[in-house]
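J.: Take a look at this one; I'll ask things after.
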Amino acid sequence: MLTAEKVKNYAKQLGADLVGISPMSRFEGAPMEQDPRYIFPAAKSCIVLAFRIPRGYLRGIEEGTYFAAYTAMGYGGINQIYSPIVMRELTCYIEDHGYECAPVPNIYPCPNIPFETQEHDPGRSLPVREGLPNPDVLVDFRVAAYAAGMGEFGYSKVFLTPEFGPLQRFVVLLTDAELEADPIYEGEICDKCKLCARGCSGAISMTETESITIAGHKCEYAKLDWLKCSVNYRGGVAEHNPFLTSDAKLEECQSTYCGRPQLDEWCGYPKLYGHNPAIEGARGCMRDCYVHLEQTGRLTKKFVNKFRTQKPWGIDRSKHVGQEVRSKHRLIEGGGE
Ligand code: SF4
(Lines give C-alpha, C1' and ligand atoms only; values in the text may rest on other atoms or scores of the structure.)
Protein backbone atom coordinates (compact mmCIF):
# COMPACT_ATOMS: atom_id res chain seq x y z
CA MET A 1 0.00 0.00 0.00
CA LEU A 2 1.27 3.47 -0.90
CA THR A 3 1.53 5.67 2.19
CA ALA A 4 2.70 9.24 2.85
CA GLU A 5 5.63 7.84 4.80
CA LYS A 6 6.74 5.68 1.86
CA VAL A 7 6.47 8.60 -0.57
CA LYS A 8 8.44 10.89 1.74
CA ASN A 9 11.17 8.36 2.44
CA TYR A 10 11.58 7.58 -1.25
CA ALA A 11 11.61 11.27 -2.25
CA LYS A 12 14.34 11.95 0.31
CA GLN A 13 16.28 8.92 -0.83
CA LEU A 14 16.14 10.36 -4.35
CA GLY A 15 17.51 13.74 -3.25
CA ALA A 16 14.64 15.95 -2.06
CA ASP A 17 15.52 17.76 1.17
CA LEU A 18 11.99 18.35 2.47
CA VAL A 19 8.65 16.79 1.58
CA GLY A 20 5.18 17.99 2.52
CA ILE A 21 1.73 16.76 1.52
CA SER A 22 -1.47 18.72 1.15
CA PRO A 23 -4.99 17.56 0.33
CA MET A 24 -6.29 19.24 -2.83
CA SER A 25 -9.08 20.86 -0.80
CA ARG A 26 -6.55 23.35 0.64
CA PHE A 27 -6.46 25.03 -2.79
CA GLU A 28 -10.12 26.05 -2.45
CA GLY A 29 -10.33 29.77 -3.25
CA ALA A 30 -7.17 29.88 -5.40
CA PRO A 31 -7.50 31.88 -8.65
CA MET A 32 -8.40 29.35 -11.36
CA GLU A 33 -5.26 30.22 -13.38
CA GLN A 34 -3.19 29.05 -10.40
CA ASP A 35 -5.32 26.19 -9.14
CA PRO A 36 -3.57 22.79 -9.53
CA ARG A 37 -6.95 21.03 -9.43
CA TYR A 38 -7.40 22.15 -13.05
CA ILE A 39 -4.21 20.31 -14.01
CA PHE A 40 -5.33 16.97 -12.55
CA PRO A 41 -9.01 17.10 -11.54
CA ALA A 42 -8.96 13.58 -10.02
CA ALA A 43 -5.94 14.38 -7.82
CA LYS A 44 -6.36 13.80 -4.10
CA SER A 45 -2.94 14.85 -2.87
CA CYS A 46 -0.39 17.51 -3.69
CA ILE A 47 3.16 16.45 -2.86
CA VAL A 48 5.61 19.32 -2.48
CA LEU A 49 9.36 18.75 -2.62
CA ALA A 50 11.92 21.31 -1.47
CA PHE A 51 15.47 21.30 -2.74
CA ARG A 52 17.83 23.29 -0.59
CA ILE A 53 20.08 25.93 -2.13
CA PRO A 54 23.34 24.99 -0.42
CA ARG A 55 24.77 28.03 1.34
CA GLY A 56 28.03 27.68 -0.55
CA TYR A 57 26.28 28.34 -3.88
CA LEU A 58 26.04 31.96 -2.69
CA ARG A 59 29.58 32.22 -1.33
CA GLY A 60 31.16 33.72 -4.47
CA ILE A 61 28.45 36.39 -4.75
CA GLU A 62 28.70 37.18 -1.05
CA GLU A 63 32.44 37.76 -1.53
CA GLY A 64 31.86 39.52 -4.89
CA THR A 65 34.35 37.32 -6.70
CA TYR A 66 32.45 34.45 -8.38
CA PHE A 67 28.95 34.71 -9.78
CA ALA A 68 28.41 31.54 -11.82
CA ALA A 69 27.50 28.99 -9.15
CA TYR A 70 24.28 30.56 -7.89
CA THR A 71 22.74 31.16 -11.32
CA ALA A 72 23.93 27.84 -12.75
CA MET A 73 23.33 25.55 -9.80
CA GLY A 74 21.13 27.49 -7.36
CA TYR A 75 18.60 28.47 -10.03
CA GLY A 76 18.82 26.68 -13.38
CA GLY A 77 20.57 23.58 -12.05
CA ILE A 78 17.96 22.86 -9.39
CA ASN A 79 14.96 23.84 -11.50
CA GLN A 80 15.97 22.34 -14.81
CA ILE A 81 18.32 19.47 -14.05
CA TYR A 82 18.30 18.13 -10.51
CA SER A 83 14.65 18.38 -9.45
CA PRO A 84 13.19 17.00 -12.74
CA ILE A 85 15.27 13.84 -12.33
CA VAL A 86 14.00 13.34 -8.78
CA MET A 87 10.44 14.10 -9.93
CA ARG A 88 10.59 11.55 -12.73
CA GLU A 89 11.76 8.80 -10.38
CA LEU A 90 9.12 9.66 -7.79
CA THR A 91 6.44 9.86 -10.49
CA CYS A 92 7.37 6.37 -11.71
CA TYR A 93 7.46 5.05 -8.12
CA ILE A 94 3.92 6.32 -7.48
CA GLU A 95 2.68 5.02 -10.84
CA ASP A 96 4.24 1.60 -10.07
CA HIS A 97 1.77 1.50 -7.17
CA GLY A 98 -1.13 1.98 -9.58
CA TYR A 99 -1.75 5.70 -9.05
CA GLU A 100 -1.24 8.44 -11.60
CA CYS A 101 1.25 11.18 -10.77
CA ALA A 102 1.40 14.51 -12.62
CA PRO A 103 4.62 16.47 -12.05
CA VAL A 104 4.62 20.27 -12.06
CA PRO A 105 8.25 21.31 -12.47
CA ASN A 106 9.54 24.72 -11.46
CA ILE A 107 9.84 25.67 -15.11
CA TYR A 108 7.04 27.24 -17.08
CA PRO A 109 6.51 29.03 -20.34
CA CYS A 110 6.37 32.65 -19.29
CA PRO A 111 4.34 34.99 -21.51
CA ASN A 112 6.21 38.13 -22.46
CA ILE A 113 4.02 40.36 -20.31
CA PRO A 114 4.51 41.71 -16.78
CA PHE A 115 4.47 39.14 -14.00
CA GLU A 116 1.76 40.91 -12.06
CA THR A 117 -0.73 40.54 -14.90
CA GLN A 118 0.25 37.30 -16.57
CA GLU A 119 -1.82 34.98 -14.40
CA HIS A 120 -4.97 36.84 -15.29
CA ASP A 121 -4.28 37.98 -18.82
CA PRO A 122 -6.89 36.46 -21.13
CA GLY A 123 -4.64 37.31 -24.09
CA ARG A 124 -1.96 34.83 -23.18
CA SER A 125 -3.76 31.72 -24.55
CA LEU A 126 -7.23 30.26 -25.18
CA PRO A 127 -9.12 28.02 -22.76
CA VAL A 128 -9.76 24.69 -24.49
CA ARG A 129 -13.23 24.22 -22.96
CA GLU A 130 -15.75 26.53 -21.41
CA GLY A 131 -15.11 26.94 -17.71
CA LEU A 132 -11.42 26.05 -17.86
CA PRO A 133 -8.56 28.47 -17.18
CA ASN A 134 -6.18 29.68 -19.88
CA PRO A 135 -3.25 27.29 -20.15
CA ASP A 136 -0.68 26.94 -18.75
CA VAL A 137 -2.03 26.96 -15.20
CA LEU A 138 0.78 28.52 -13.15
CA VAL A 139 0.89 26.80 -9.78
CA ASP A 140 2.13 29.11 -7.05
CA PHE A 141 4.80 26.99 -5.39
CA ARG A 142 4.77 29.10 -2.22
CA VAL A 143 1.06 28.53 -1.80
CA ALA A 144 1.57 24.80 -2.35
CA ALA A 145 4.42 24.71 0.18
CA TYR A 146 2.27 26.54 2.73
CA ALA A 147 -0.65 24.18 2.11
CA ALA A 148 1.74 21.25 2.63
CA GLY A 149 2.79 22.58 6.05
CA MET A 150 6.40 23.26 5.11
CA GLY A 151 6.81 26.73 6.61
CA GLU A 152 5.50 30.25 6.10
CA PHE A 153 5.65 33.33 3.88
CA GLY A 154 8.36 35.73 5.01
CA TYR A 155 7.69 39.48 5.00
CA SER A 156 9.71 39.41 1.74
CA LYS A 157 7.11 37.04 0.20
CA VAL A 158 9.91 34.48 -0.13
CA PHE A 159 8.84 31.21 1.48
CA LEU A 160 10.75 30.34 4.66
CA THR A 161 11.22 26.87 6.09
CA PRO A 162 12.41 26.19 9.63
CA GLU A 163 15.29 24.16 8.19
CA PHE A 164 16.79 26.40 5.51
CA GLY A 165 15.02 29.75 5.88
CA PRO A 166 14.72 31.25 2.37
CA LEU A 167 17.25 28.89 0.75
CA GLN A 168 15.29 26.30 -1.23
CA ARG A 169 13.29 25.80 -4.41
CA PHE A 170 10.06 23.88 -4.71
CA VAL A 171 8.34 21.52 -7.14
CA VAL A 172 4.92 19.89 -7.00
CA LEU A 173 3.53 16.46 -7.89
CA LEU A 174 -0.19 15.76 -8.05
CA THR A 175 -1.54 12.27 -7.53
CA ASP A 176 -4.86 10.50 -7.21
CA ALA A 177 -3.43 8.52 -4.27
CA GLU A 178 -4.98 9.73 -1.03
CA LEU A 179 -1.99 10.34 1.22
CA GLU A 180 -1.95 11.51 4.82
CA ALA A 181 -1.62 15.31 4.83
CA ASP A 182 0.74 17.39 6.93
CA PRO A 183 -0.74 19.98 9.28
CA ILE A 184 -0.39 23.67 8.40
CA TYR A 185 2.82 25.08 9.94
CA GLU A 186 2.01 26.97 13.12
CA GLY A 187 5.49 28.18 14.14
CA GLU A 188 7.04 31.61 13.53
CA ILE A 189 10.19 31.99 11.47
CA CYS A 190 9.84 35.58 10.20
CA ASP A 191 9.98 38.23 12.94
CA LYS A 192 9.18 41.11 10.54
CA CYS A 193 12.63 42.65 10.99
CA LYS A 194 12.32 43.97 7.38
CA LEU A 195 16.03 43.53 6.71
CA CYS A 196 14.94 41.88 3.46
CA ALA A 197 13.28 45.12 2.36
CA ARG A 198 16.22 47.26 3.53
CA GLY A 199 18.70 45.07 1.65
CA CYS A 200 16.60 44.88 -1.52
CA SER A 201 16.98 47.46 -4.29
CA GLY A 202 13.49 48.85 -3.75
CA ALA A 203 11.32 45.94 -4.90
CA ILE A 204 10.07 44.94 -1.42
CA SER A 205 7.89 47.63 0.14
CA MET A 206 8.80 48.76 3.66
CA THR A 207 5.24 49.85 4.38
CA GLU A 208 2.66 48.32 2.05
CA THR A 209 1.50 44.74 2.49
CA GLU A 210 -0.75 42.25 0.71
CA SER A 211 -2.32 39.06 1.94
CA ILE A 212 -3.94 35.84 0.82
CA THR A 213 -5.86 33.20 2.71
CA ILE A 214 -4.85 29.55 2.38
CA ALA A 215 -6.95 26.86 4.05
CA GLY A 216 -8.43 29.47 6.39
CA HIS A 217 -5.03 30.93 7.36
CA LYS A 218 -4.17 34.51 6.49
CA CYS A 219 -0.69 35.00 5.02
CA GLU A 220 0.56 38.58 4.88
CA TYR A 221 3.70 39.85 3.17
CA ALA A 222 5.19 42.99 1.65
CA LYS A 223 3.88 44.38 -1.60
CA LEU A 224 6.38 43.48 -4.27
CA ASP A 225 7.32 45.60 -7.28
CA TRP A 226 7.71 42.79 -9.83
CA LEU A 227 9.33 44.98 -12.46
CA LYS A 228 12.02 46.18 -10.08
CA CYS A 229 12.57 42.65 -8.78
CA SER A 230 12.79 41.25 -12.28
CA VAL A 231 15.23 43.89 -13.52
CA ASN A 232 17.37 44.17 -10.41
CA TYR A 233 17.94 40.52 -9.64
CA ARG A 234 19.47 40.00 -13.05
CA GLY A 235 22.01 42.74 -12.85
CA GLY A 236 20.03 45.96 -13.20
CA VAL A 237 21.69 47.71 -10.25
CA ALA A 238 25.03 49.27 -11.17
CA GLU A 239 26.34 49.10 -7.60
CA HIS A 240 25.80 45.35 -7.50
CA ASN A 241 26.78 44.25 -11.00
CA PRO A 242 30.53 44.26 -11.75
CA PHE A 243 29.85 43.03 -15.29
CA LEU A 244 27.43 45.79 -16.29
CA THR A 245 28.64 47.15 -19.61
CA SER A 246 29.38 50.82 -19.99
CA ASP A 247 26.68 51.31 -22.62
CA ALA A 248 23.91 50.19 -20.25
CA LYS A 249 20.94 52.52 -20.01
CA LEU A 250 19.44 51.33 -16.79
CA GLU A 251 16.61 53.87 -16.73
CA GLU A 252 15.14 52.16 -19.80
CA CYS A 253 15.16 48.77 -18.08
CA GLN A 254 13.82 50.13 -14.82
CA SER A 255 10.90 52.02 -16.31
CA THR A 256 9.25 49.52 -18.65
CA TYR A 257 8.86 45.80 -18.76
CA CYS A 258 10.01 45.93 -22.36
CA GLY A 259 13.38 47.21 -21.17
CA ARG A 260 14.26 43.73 -19.97
CA PRO A 261 15.54 42.31 -23.28
CA GLN A 262 18.04 45.17 -23.51
CA LEU A 263 19.13 44.39 -19.97
CA ASP A 264 20.12 40.88 -21.10
CA GLU A 265 22.49 42.59 -23.51
CA TRP A 266 23.82 45.20 -21.08
CA CYS A 267 24.00 42.97 -18.03
CA GLY A 268 27.24 41.54 -19.38
CA TYR A 269 26.71 38.01 -18.03
CA PRO A 270 25.27 34.98 -19.85
CA LYS A 271 22.29 32.78 -19.03
CA LEU A 272 23.41 29.60 -17.31
CA TYR A 273 21.39 26.40 -17.73
CA GLY A 274 18.73 28.55 -19.34
CA HIS A 275 18.40 30.88 -16.38
CA ASN A 276 18.77 34.64 -16.43
CA PRO A 277 21.94 35.75 -14.67
CA ALA A 278 21.05 36.17 -11.00
CA ILE A 279 23.95 38.58 -10.49
CA GLU A 280 22.35 40.30 -7.53
CA GLY A 281 22.38 37.01 -5.61
CA ALA A 282 19.05 37.61 -3.85
CA ARG A 283 20.79 40.23 -1.71
CA GLY A 284 17.92 41.27 0.57
CA CYS A 285 15.27 38.57 0.27
CA MET A 286 17.62 35.64 0.67
CA ARG A 287 21.08 36.62 1.88
CA ASP A 288 20.18 39.37 4.36
CA CYS A 289 17.26 37.30 5.57
CA TYR A 290 19.42 34.22 5.95
CA VAL A 291 22.04 36.20 7.91
CA HIS A 292 19.33 37.46 10.26
CA LEU A 293 17.74 34.04 10.76
CA GLU A 294 21.15 32.51 11.39
CA GLN A 295 22.13 35.24 13.87
CA THR A 296 18.90 34.88 15.80
CA GLY A 297 19.19 31.08 15.92
CA ARG A 298 15.93 30.48 14.07
CA LEU A 299 17.06 27.76 11.69
CA THR A 300 17.41 24.08 12.49
CA LYS A 301 20.16 23.60 9.88
CA LYS A 302 23.29 24.83 11.66
CA PHE A 303 26.78 25.57 10.39
CA VAL A 304 30.07 25.62 12.26
CA ASN A 305 30.93 29.08 10.87
CA LYS A 306 28.67 32.03 10.19
CA PHE A 307 27.76 32.95 6.61
CA ARG A 308 28.57 36.67 6.64
CA THR A 309 32.02 37.65 7.72
CA GLN A 310 32.30 41.23 6.45
CA LYS A 311 30.19 44.24 5.46
CA PRO A 312 28.33 43.55 2.19
CA TRP A 313 30.10 45.01 -0.83
CA GLY A 314 28.85 47.67 -3.24
CA ILE A 315 30.77 49.06 -6.20
CA ASP A 316 31.61 52.76 -6.00
CA ARG A 317 31.57 53.55 -9.70
CA SER A 318 32.94 57.05 -9.12
CA LYS A 319 36.27 55.31 -8.41
CA HIS A 320 36.22 53.67 -11.84
CA VAL A 321 35.61 56.68 -14.06
CA GLY A 322 37.23 56.10 -17.44
CA GLN A 323 37.45 52.35 -16.78
CA GLU A 324 34.95 50.99 -19.26
CA VAL A 325 33.43 47.51 -19.07
CA ARG A 326 33.06 46.47 -22.69
CA SER A 327 33.48 42.73 -22.55
CA LYS A 328 30.25 40.74 -22.54
CA HIS A 329 30.72 37.33 -21.02
CA ARG A 330 29.57 34.27 -22.90
CA LEU A 331 29.24 30.69 -21.83
CA ILE A 332 32.08 28.30 -22.59
CA GLU A 333 31.62 24.72 -21.54
CA GLY A 334 34.67 22.77 -20.58
CA GLY A 335 36.92 25.83 -20.89
CA GLY A 336 40.37 25.32 -19.46
CA GLU A 337 40.49 21.57 -19.95
S1 SF4 B 1 14.50 39.50 6.57
FE2 SF4 B 1 13.27 39.57 8.45
S3 SF4 B 1 11.29 40.41 7.77
FE4 SF4 B 1 12.35 39.75 5.93
S5 SF4 B 1 11.57 37.69 5.56
FE6 SF4 B 1 13.49 37.50 6.70
S7 SF4 B 1 12.89 37.40 8.88
FE8 SF4 B 1 11.11 38.18 7.71
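The values are calculated or read from the model by the stated rules, or taken from the named source; none is laboratory data. What you see is a predicted model, and the numbers here were worked out from it, not measured in a lab. When we count neighbours, we look across all protein chains shown, and the Cβ atoms used for this are built from the backbone with ideal geometry, even at glycine.
J.: Answer yes or no as to whether GLY151 is at positive phi and within 14 Å of the ligand (Cβ to nearest atom).
T.: yes
J.: Out of ALA72, ALA16, ALA30, ALA43, report the one residue that is assigned to a loop (DSSP other than H, G, I, E, B) and under 17 Å from the mean Cα position of the chain (by Cα).
T.: The unique qualifying residue is ALA16.
Per-residue answers, yes or no, for (1) at positive phi; (2) among the hydroxyl-bearing types (Ser, Thr, Tyr):
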| site | (1), (2) |
| --- | --- |
| GLY187 | no, no |
| ALA197 | no, no |
| GLY202 | yes, no |
| GLU208 | no, no |
| LYS218 | no, no |
| ALA222 | no, no |
| SER230 | no, yes |
| LYS249 | no, no |
| GLN254 | no, no |
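J.: Still on this structure: For segment 290-297, indicate whether the set of residues that are of a type outside the set (S, T, N, Q), touching a Lys or Arg at 6+ places or on another chain (Cβ under 7 Å) and at pLDDT 90 or above is non-empty.
T.: yes
J.: Let me ask something else about it. Being under 30 Å from LYS6 (Cβ atoms), more than 16 Å from the ligand (Cβ to nearest atom) and at pLDDT 95 or above narrows it down to one residue among VAL128, VAL104, VAL137; which is it?
T.: Unique residue meeting the criteria: VAL104.
J.: For segment 284-295, give me each residue that is crowded, with 18+ Cβ neighbours inside 10 Å and not basic (Lys, Arg).
T.: GLY284, CYS285, MET286, ASP288, CYS289, TYR290, VAL291, HIS292, LEU293, GLU294
J.: Looking only at segment 1-17, which residues are of a type outside the set (Ser, Thr, Tyr) and farther than 17 Å from LEU174 by Cβ?
T.: Selection gives MET1, GLU5, LYS6, ASN9, LYS12, GLN13, LEU14, GLY15, ASP17.
J.: Please tell me if ARG308 is under 19 Å from the mean Cα position of the chain (by Cα) and surrounded by 14 or more Cβ atoms within 10 Å (Cβ to Cβ).
T.: Answer is no for this residue.
J.: Also, quick follow-up: Looking only at segment 263-283, which residues are within 16 Å of the ligand (Cβ to nearest atom) and buried (at least 24 other Cβ atoms within 10 Å of the Cβ)?
T.: Across segment 263-283, the qualifying residues are GLU280, ALA282.
J.: Counting only residues that are touching a residue at least 60 places away in the same chain (Cβ under 8 Å) and of a type in the set (D, E, K, R), which one in segment 186-220 is farthest from the ligand (Cβ to nearest atom)?
T.: Result: GLU220.
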